[in-house]
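Novice: The structure's right below; bear with me while I get my questions together.
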Amino acid sequence: MAKADNIIDLDDVRFAYPAQQDLTLNIKHLSLAAGERVFLYGPSGSGKSTLLSVIAAILKPDAGSVQVNGTDVHALNGAASDQFRADNIGLVFQQFNLLPFMSVVDNVTLPCRFSSTRRDAVLSSASTLRAEAERLLTAMQLPEALFKSRKSIQLSVGQQQRVAVARALIGQPPLLIADEPTSSLDTQARVAFLELLFAELDRSQSGLLFVSHDESLKSLFDRSISLAEINHATA
Amino acid sequence: MFDIAIQSLRNRALTATLAVIAIAMSVALILSVDKIRRDARASFLQTVSGTDLIVGARSGSVQLLLYSVFRMGSATNNVSWESIEDLKSRKAVDWLVPLSLGDSHRGYRVLGTSQEYFQYYKYGNKRDLEFAQGSMFDDVFDAVLGSEVAKQLQYSLGQSIVVAHGTGSVGIVEHENQPFTVSGILAPTGTPVDQTVHVSLEGIEAMHVDWQSGMQVPGEGTDADTIRQMDLSPNAVTAALIGLKSRGSVFREQRAVNTYRQEPLLAILPGVAMQELWALVRVFENALLVVSSFVLLAGLVNLVSVLFAGLNERRREMAILRASGARPGHIFRLLCAESALLSAVGICIGVLVHYLVVGLVSVWAQARFGIDLSPTLPGMRDLLILLLVFMSGVAVGCLPAWRAYRQSVSDGMAQRL
């Protein structure tokens, strides 16, 4: 697929949930350059999660075009959009990112089960999936004893979020989407978390769309966007 | 996906165990019920085996079978001793065991027969009659009891019993002057033999010495020793079991008996008549089949409910998997793998339980009901049942899988969890 200058390009996107009359999204334009780190903020209910679902090709917009890494995700059918997401997008949620019954390392390598693109990317630089997972976990400053332990359920929330970042970044997907990943962390931990995240982004050259309602973090990013300003759906 | 399924199931050991138990129970039940059904049928059809022909006075084949083998009802007519001797002398006939019915002891039929009866009467898979105690009758006034008779009436060897004329249990004139002595007690067979009092043909004649036309001749009665001196060869018997030298001649011999000139006789093939009779009790067999099916259905419903119950707590798991790039097909396969795994483990445990139960119960069933319930290797039918259970397990597992797939799509990025 052709590498585009922009990793995300949204044009005239409109979206309404079924059985709802009002639009949830009405965005003229939104773009994110390759490798760019963008902070997207807005109060809850402003359509942040919906926008992320549209970009991640989970929800289909009613009108407009959504280009991610040069591909019109709107045009992909169900299975193809799932494959596209697996190959191109790393996702970090607010909390509960890990499968509790899996080991930390297995959690990190999970995307490689579903995307041969990312598996191949890992194996081109590291000897095994496990080695890359352990490198990422070490980079996320998780003590070795923790990720050698079997279950990921014993981890603190902050540690879980860092494991989630390691998973989102494995195989160097071009785009990382983080939906309020720091909201369950305290202020100090947030900054530390972002520093680790940015250090690893430098390495993978992935673009980052970071969503939060906490504007105190926005100075750390290349650019910040207020969803309230670009989304004309909310009256 | 199997390793994820296993890990996920291990995480939910309790619910998974419940589902496995549900399946194991229904598998064990359906296998056992089906085995009992088949073995009861086989036991019934083999109430008498090794006998090629049963001969009696001309009537219906089921009727002849009922009174000669099952000791039910009564004969319309007797077979003269001359005819019996005549049949016995036929070239093709290997052995002939005469049966004389018509008397009873406290509700149990008395069967007059020859000593060959204990040699040639076979049941089940050509099993011989065995003596639990004592031996076969030797004297005119000896009697051999079926196991049930001895057990219910609490008789032991050497006991003196009185036989009644006719086949009711009360209010019937008894042959009080000629008491019999128990010489042997048979091991349980699960056939009507258990409910029979066996005496010699001479014994039958002996107890009728002082009787004429069904009435006792007034007077003191003849004493036993005098009777022993008398000629006690019978004039007639009720039926006869015949074994042939070669099974190939069975139809020729049957026709020979059926067209016997001196007397109207009927010869039946026990297997054929037994099938006819079994057709009458088919309802019972079908009822067991219906029971088995419901047991299976209940087990599957149980499996679905367990899978569905686990589903809600797993929406988060689904969302994470999908965020990591799992396609709906992956999630579908994961859940199907899960129900396949649960079904497979449940089936294995169910089969083990089935064999355990059959192994434990078989001894008791043989002794109590004479049903040969010994554990056998699973047949084609069992494998089909297991396959059906497995397929249904996977199929019903697809219901929650489909639901989980739908949810993981609609949940989208918003973790409404």
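Novice: Only one of B:GLU276, B:GLU317 is touching a residue at least 12 places away in the same chain (Cβ under 8 Å), of a type in the set (Asp, Glu) and either within 14 Å of chain A (Cβ to nearest Cβ) or in contact with a Cys (Cβ under 8 Å, 6 or more places away or on another chain) (or both); which?
Specialist: None of the other options fit; the residue is B:GLU317.
Novice: Can you find a residue that is in a helix (DSSP H, G or I), in contact with a Ser or Thr (Cβ under 8 Å, 6 or more places away or on another chain) and either within 12 Å of another protein chain (Cβ to nearest Cβ) or closer than 23 Å to A:SER219 by Cα (or both) anywhere in the stretch A:165-178?
Specialist: The answer is yes; a qualifying residue exists.
Novice: Condition first: free of Cβ contacts under 8 Å to residues at least 60 places away in the same chain, farther than 19 Å from B:TYR117 by Cβ and crowded, with 18+ Cβ neighbours inside 10 Å. Can you find one or more residues in the stretch B:47-66 that meet it?
Specialist: Yes, the stretch B:47-66 contains at least one residue that is free of Cβ contacts under 8 Å to residues at least 60 places away in the same chain, farther than 19 Å from B:TYR117 by Cβ and crowded, with 18+ Cβ neighbours inside 10 Å.
Novice: Can I ask one more? Select from the stretch A:179-189 the residues that are in a helix (DSSP H, G or I) and in contact with a Gly (Cβ under 9 Å, 6 or more places away or on another chain) and list them in ascending order.
Specialist: A:ALA189
Let's see how each residue does on (1) touching a His at 6+ places or on another chain (Cβ under 6 Å); (2) in contact (Cβ under 8 Å) with a residue 24 or more places away in the chain; (3) assigned to a strand (DSSP E or B):
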{"site": "B:LEU99", "(1), (2), (3)": "no, yes, yes"}
{"site": "B:SER104", "(1), (2), (3)": "no, yes, yes"}
{"site": "B:VAL110", "(1), (2), (3)": "no, yes, yes"}
{"site": "B:GLN133", "(1), (2), (3)": "no, yes, yes"}
{"site": "B:ASP139", "(1), (2), (3)": "no, yes, no"}
{"site": "B:LYS151", "(1), (2), (3)": "no, no, no"}
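Novice: If I filter the stretch B:284-339 down to residues being assigned to a helix (DSSP H, G or I) and acidic (Asp, Glu), which single residue comes out as surrounded by the fewest Cβ atoms within 10 Å (Cβ to Cβ)?
Specialist: B:GLU285
Novice: Ok, one more. Go through B:ALA164, B:ALA150 for me and flag whichever is more than 30 Å from B:ALA40 (Cβ to Cβ) and either modelled with pLDDT of 85 or more or in contact with a Lys or Arg (Cβ under 9 Å, 6 or more places away or on another chain) (or both).
Specialist: Just one listed residue meets the conditions, B:ALA164.
Novice: Filter the stretch A:190-206 for residues that are in a loop (DSSP other than H, G, I, E, B) and out of contact with any strand residue (DSSP E or B) (no Cβ under 8 Å at 6 or more places or on another chain) and give the result.
Specialist: Once the filter is applied, which keeps residues that are in a loop (DSSP other than H, G, I, E, B) and out of contact with any strand residue (DSSP E or B) (no Cβ under 8 Å at 6 or more places or on another chain), the stretch A:190-206 yields only A:GLN205.
Novice: Could I ask something else about it? Among the residues of the stretch B:355-372, is any within 14 Å of chain A (Cβ to nearest Cβ) and either at pLDDT 80 or above or touching a Gly at 6+ places or on another chain (Cβ under 9 Å) (or both)?
Specialist: no
Novice: Within the stretch B:254-280, track down each residue that is acidic (Asp, Glu) and either modelled with pLDDT of 90 or more or within 28 Å of B:ALA40 (Cβ to Cβ) (or both).
Specialist: B:GLU276
Novice: Separate question: Quick check on the stretch B:1-25: of everything there that is touching a Leu at 6+ places or on another chain (Cβ under 7 Å) and away from every other protein chain (no Cβ under 14 Å), which residue is nearest to B:SER392 (Cα to Cα)?
Specialist: Ranking the qualifying residues of the stretch B:1-25, first place goes to B:ILE23.
Novice: While we're looking at this one, here's another question. Tell me, which residue of the stretch A:136-152 that is in a helix (DSSP H, G or I) and among the charged types (D, E, K, R) is farthest from the other protein chains (Cβ to nearest Cβ)?
Specialist: Applying the filter and picking the extreme gives A:GLU144.
Novice: Answer yes or no as to whether B:ALA28 is assigned to a helix (DSSP H, G or I), more than 30 Å from B:ARG252 (Cβ to Cβ) and within 14 Å of chain A (Cβ to nearest Cβ).
Specialist: no
Here is a yes/no grid of residues against (1) over 30 Å from B:TRP95 (Cβ atoms); (2) crowded, with 19+ Cβ neighbours inside 10 Å:
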| residue | (1), (2) |
| --- | --- |
| B:ILE4 | yes, yes |
| B:ARG10 | yes, no |
| B:ALA19 | yes, yes |
| B:ARG38 | yes, no |
| B:ALA42 | no, no |
| B:LEU45 | no, no |
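Novice: Of all residues in the stretch A:17-34 being within 14 Å of another protein chain (Cβ to nearest Cβ) and not polar (S, T, N, Q), which is farthest from B:SER324 (Cα to Cα)?
Specialist: By that ranking, first place goes to A:ALA19.
The values are calculated or read from the model by the stated rules, or taken from the named source; none is laboratory data. Please read all numbers here as calculations on a predicted model, not as lab measurements. For neighbour counting, all protein chains shown are included, and Cβ atoms are generated from backbone atoms with ideal geometry for every residue, glycine included.
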